[in-house]
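Take a look at the structure set out below.
Each reported figure results from applying straightforward, stated rules to the coordinates on display, with no laboratory input. Just so we're clear, the structure is a prediction, and the values are computed from it rather than from any experiment. Positions of Cβ are generated from backbone atoms using ideal geometry, with glycine treated the same way; all protein chains shown enter the neighbour counts.
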Amino acid sequence: MPQIAKAIDLIAAALSKRGRLIYVGTGTSGRIAALDAAECPPTFDTDPSLVQFLIAGGPKALGAAVEADEDSRRLGRKEIAKRRPRKNDVVVGVAASGRTPFTVAALQYARSQGAKTVAVTCNRNSQLERAAHVAIVAEVGPEVVAGSTRMKAGTAQKMILNMLTTGAMARLGYVYGNLMVNVHLKNEKLAERGVGILEQAAELDRREARKLLSAAGNRVPVALVMAKAAVKPAQAAAALRKSGGHVRRAMTLAKPT
């Protein structure tokens, strides 16, 4: 947990400066990393360019095994170099064994360019751990099916990556309490979720929540700031821009003096 907390601090600091979180992995680890990156925009309304993933073998490896590329340090350096990691970025290498050449080389290159680096692995004293500023080591013990790290190790990695992004987004104010206030209302299910969030967070009945959401242009954070600060939509939106999307801070900024 202390290492996860350190990694959250690094990621939140990077994203607050428009730096990037870049996941790197191969095989199962790469697919888990891709899933976490892909789910940040719909959950927290993050810019897709700010949370990225890099998987050995490219996008085709998401649906089929491309195992030979995992062993290439050259490809690891080449692919991360294309992303031009810099000092405001955090690169997270994910590898159950901690020794995957592609991922180790990518992390080493990113660190050499000034990026902060994090290792997520299930083996202590690994190459990946030594390459990172912060190492998160989840020792899960032998797999149920020997050698199949998609099971215990994969599950642990999924939980850790969820914690990293959720913790960082909470620090940035993209949630309110435990409510997903930055949700985009792109379908009926999400529209109903938005109404429910306003009902709970602003203590409104359903009719009032729908009316407020409509006035806010179907933007849940704007509607919530309107309700809590008793301001018009333009004032709420301006406060959110000034706070960098931090909902609770925007409420304070929007309140009349």
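Using the Cα centre of the range 1-132 as the reference point, and only Cβ charges (+1 on K/R, -1 on D/E), how large is the resulting charge dipole? Debye, rounded to the nearest 20.
Computed charge dipole of the range 1-132: roughly 640 debye.
For the range 188-254, report the % of Cα-Cα distances exceeding 19 Å.
Above the 19 Å cut-off, the range 188-254 has 23 percent of its Cα pairs.
Does anyone have the angle between helix 73-82 and the longest principal axis of the chain? Alpha-carbon axes, 0 to 90°, nearest 10?
The helix 73-82 is inclined about 30 degrees to the chain.
With +1 on each Lys and Arg Cβ and -1 on each Asp and Glu Cβ, and nothing else charged, work out how big the dipole of the chain is about its Cα centre, in Debye to the nearest 20.
With Lys and Arg at +1 and Asp and Glu at -1, about 960 debye.
How many lysine pairs are close in the range 208-257, with Cα atoms under 14 Å apart and the two 8 or more places apart or on different chains?
Taking the Cα cut-off of 14 Å, the pair count is 4.
Please give the helix 2-16 orientation as an angle from the longest Cα principal axis of the chain, in degrees from 0 to 90, rounded to the nearest 10.
Once rounded, one gets 60 degrees.
Given the C-alpha centroids of the range 113-133 and the range 183-203, what is the distance between them in whole angstrom?
Centre-to-centre distance over Cα atoms comes out at 39 Å.
Of 72, 140, 113, whose Cα points farthest to the positive end of the dipole of the chain (charges on the beta-carbon: +1 Lys, Arg; -1 Asp, Glu; origin at the Cα centre)?
Sorting the options by dipole projection puts first 113.
Would you mind checking the tilt of helix 220-229 against the longest principal axis of the Cα atoms of the chain, expressed as 0 to 90 degrees and rounded to 10?
The answer is roughly 50 degrees.
What distance in nm lies between label points placed 7 Å from Cα along the C-beta direction at residue 242 and residue 82?
So the label points at residue 242 and residue 82 sit 4.3 nm apart.
Per 0.36 nm of contour for each residue apart, how much would the distance between residue 9 and residue 208 grow if the chain were fully extended, relative to their Cα-Cα spacing?
Additional length available on full extension: 67.9 nm.
Within the range 2-171, how many lysine pairs that are 8 or more places apart, or on different chains, have C-alpha atoms less than 19 Å apart?
Lysine pair count for the range 2-171: 12.
May I ask you to list the residues of the range 230-248 whose amide nitrogen lies under 17 Å from a point 7 Å from Cα along the Cα→beta-carbon direction of residue 18?
Only 241-246 pass the distance filter.
Summing +1 for each Lys or Arg and -1 for each Asp or Glu, what net charge is found among the other residues whose Cβ lies under 15 Å from the Cβ of residue 123?
Neighbour charge sum, excluding residue 123 itself: +1.
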